[in-house]
Amino acid sequence: MTASDGTRRVRIVEVGLRDGLQIEPRTVATADKARLARALVAAGIRDFEIASFVSPRAVPQMADAEDLLAALRDLGPEVELTALVPNRRGAERAVAAGVGGMVVFASASESHNAKNLNRSIDGSLAAFAEVAALGRQAGVPVHGAIATAFGCPFEGEVPVAGVVRVARAYADLGIRRIALGDTTGMATPPLVRQRVEALRSALPDVEIALHFHNTRGIGLANVMEGLALGVDRYESSIGGLGGCPFVPAATGNIATEDLAYLLAECGCDTGVDLDRLIEAERLAESIVGRTLPGQVSKAGPRLRRYALDDARTAAG
C-alpha cells in the first residue's frame, strides 16, 4: 500500500495480548491487559488480535475475553479489535462481545491441527462455514490464519499444496485476508517466497499477511523477504512475547518494537511512535515480571546519543 506522498504504508498487527500472553503461566489480570492495550494504542498501534474465544480449559489465559473487550469498548472505530474463534460457539461469544473482526484458524499439518484444535483439518474447515455465515449475518468480517504454514514440529516439512488447500477453503467461504503463521519459527526467506508466490498464483484476490516467530533468530530476515514480495501486513508481539502452548520448545513472536524499527529504517510508514512503543514494552515486562527478548527496547533507535562523559575511556 502506498500513501499519497509515495511512502509505503505497512500495517503492524499487535498479537501480544492474544498470542503473546496465551503461553504465560501466571494469569494476567484483565485490567493489566487493558492497560497494555491502551499503551500500544498511544504508541500508534491500530490493529490488534486482542483475544481468543476458545475454551478456558484449553487456554486459561483467554478466559476473560469478554471482559477485555468490554474494558476497551471506548477505543473507537479507528482501532480494530479482532479475536480468534475456533467454531460457531466461539463466534457467537465474539459477536456478542462486540469484536471488530473474527479470525478462524487451521493448521496446514494434521498433527498440529489435532493438538491445537482437537480435530482434523477437514473437521475444522467444516466448522468454519458456520462461522463465516454468522459473520455475514452479523456484519463482522471473518479472516483466516494458517498455522504451521512453513513447517510442522511433529511432521517436519509441510507441502505447499497443504497450505494452498487451507487457503482455498477459506477463499471459498468468502475470506479475503489470510495470514500465514510461522508457528514455531521454521520459516526461512526461501520458504516465504515459495509460499507467498504459490498463494498469489492460486488466489490472486486474497490479501496475504505474515506472522513470524523468532525461534531461530531470523524472524526479521523473513520480514525483509515479505517486503520484497510486496506484503504490507505483519503480525508481531510487544517485547517478543508468545509461543504456542501446544508445541514443545515454542518461543515468542517477532517483537513489535523491533519490527517497527526495521520498517522505519526501510522508509515505511507504520504510524507508530517508536519511543512510546518502547514504553509499552517496559509495561509489558512489568506485567509479566521478566525481561523480554526484544532488542530495540534495550538498545534504543539507531541514532540514539549518549553523553561522552558517561562512557569509559580506554586506559594505557
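The values are calculated or read from the model by the stated rules, or taken from the named source; none is laboratory data. Values in this document were obtained by computation on a predicted structure and should not be read as measured data. Heads up, the Cβs are rebuilt from the backbone with ideal geometry, glycines too, and the neighbour counts pull from every protein chain shown.
Taking the stated definitions as given, is ALA51 under 22 Å from HIS143 (Cα atoms) and of a type in the set (A, V, I, L, M, F, W, C)? Let's see the steps before the verdict.
Details: under 22 Å from HIS143 (Cα atoms): yes; of a type in the set (A, V, I, L, M, F, W, C): yes.
Yes: the conditions hold for ALA51.
Within the stretch 281-311, the residues that satisfy the criterion of being touching an Asp or Glu at 6+ places or on another chain (Cβ under 8 Å) and among the hydrophobic types (A, V, I, L, M, F, W, C) are ILE287, VAL288, LEU292, VAL296. Quick one: how many residues across the stretch 93-116 are surrounded by fewer than 24 Cβ atoms within 10 Å (Cβ to Cβ) and more than 18 Å from the chain's Cα centre (by Cα)? Qualifying residue count, the stretch 93-116: 9.
Of all the numbered requirements in (1) free of Cβ contacts under 8 Å to residues at least 24 places away in the same chain; (2) surrounded by fewer than 16 Cβ atoms within 10 Å (Cβ to Cβ), PRO301 misses one, and that requirement is (1). The single condition from (1) surrounded by fewer than 17 Cβ atoms within 10 Å (Cβ to Cβ); (2) β-branched (Val, Ile, Thr); (3) within 30 Å of ARG176 (Cβ to Cβ) that ILE238 fails is (1). Considered as a group, the residues in the stretch 271-316 that are in a helix (DSSP H, G or I) and among the polar types (S, T, N, Q) include one that is nearest to GLY252 (Cα to Cα), and that residue is SER297.
Meeting the requirement of 1 or more residues that are farther than 20 Å from ALA94 by Cβ and β-branched (Val, Ile, Thr), the helices (runs of 4 or more DSSP H) wholly within the stretch 106-173 are 121-138, 160-172. Among residues of the stretch 270-281 that are under 13 Å from ILE238 (Cα atoms), those with a beta-carbon under 8 Å from a residue that is surrounded by fewer than 17 Cβ atoms within 10 Å (Cβ to Cβ) and among the hydrophobic types (A, V, I, L, M, F, W, C) at least six positions away or on a different chain give the pairs VAL272/ALA264; LEU274/ALA264; ARG276/ALA42; ALA280/ALA42.
Selection of first residues in the stretch 73-98 that are in contact (Cβ under 8 Å) with a residue 40 or more places away in the chain and under 21 Å from ASP19 (Cα atoms) and of second residues that are surrounded by 20 or more Cβ atoms within 10 Å (Cβ to Cβ) and basic (Lys, Arg), restricted to Cβ pairs under 7 Å at least 6 apart or on distinct chains, gives the following pairs, ordered by first then second residue: LEU84/ARG18.
Within the option set ARG290, ARG216, ARG276, being more than 29 Å from LEU117 (Cβ to Cβ), over 16 Å from the mean Cα position of the chain (by Cα), among the charged types (D, E, K, R) and at pLDDT below 95 holds for one residue only, ARG290.
Hey, any hits in the stretch 124-138 for a residue that's of a type in the set (Gly, Ala, Ser), touching a strand residue (DSSP E or B) at 6+ places or on another chain (Cβ under 6 Å) and modelled with pLDDT under 95? Taking every residue of the stretch 124-138 in turn, at least one turns out to be of a type in the set (Gly, Ala, Ser), touching a strand residue (DSSP E or B) at 6+ places or on another chain (Cβ under 6 Å) and modelled with pLDDT under 95. Of the candidates ALA228, ALA198, ALA169, the single residue that is surrounded by 16 or more Cβ atoms within 10 Å (Cβ to Cβ) and at pLDDT 95 or above is ALA169.
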